[in-house]
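All remarks here apply to the structure that follows.
The values are calculated or read from the model by the stated rules, or taken from the named source; none is laboratory data. Worth saying up front: this structure is predicted, and the values here are computed from it rather than measured. Every residue, glycine among them, receives a Cβ derived from its backbone with ideal geometry; neighbour counts consider all protein chains shown.
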């Protein structure tokens, strides 16, 4: 599978989750975020995927997982401008 096929598959999976359980959305967004991060697309990985997954885990009640991912977002975004971080809801 090439990058475009993989990207399309992740996008289709995320779209199909619009009426599913919140934990399924969280897992899908988290895996999509790691995929985009591994391809060097850090901005796309962080927003919308990792910022969305933090919201989903928090809503589900997995506060420790949400906090861990919030810390991960901060670590990954250290080289990004403050304006990008504030748009994503992360504190610089």
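What to note about this one:
Conditions (1) at pLDDT 85 or above; (2) in contact with a helix residue (DSSP H, G or I) (Cβ under 6 Å, 6 or more places away or on another chain); (3) farther than 20 Å from residue 75 by Cα; (4) crowded, with 16+ Cβ neighbours inside 10 Å, marked per residue:
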| site | (1), (2), (3), (4) |
| --- | --- |
| 5 | yes, no, yes, no |
| 11 | no, no, yes, no |
| 21 | no, no, yes, no |
| 36 | yes, yes, no, yes |
| 41 | yes, no, no, no |
| 53 | yes, yes, no, yes |
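- Qualifying residues in region 71-84 (those that are at pLDDT below 90 and either in contact with a strand residue (DSSP E or B) (Cβ under 8 Å, 6 or more places away or on another chain) or not in a loop (DSSP other than H, G, I, E, B) (or both)) - the one surrounded by the most Cβ atoms within 10 Å (Cβ to Cβ): 73
- Tally, over region 49-64, of residues that are free of Cβ contacts under 8 Å to residues at least 12 places away in the same chain and either part of a helix (DSSP H, G or I) or closer than 30 Å to residue 2 by Cβ (or both): 4
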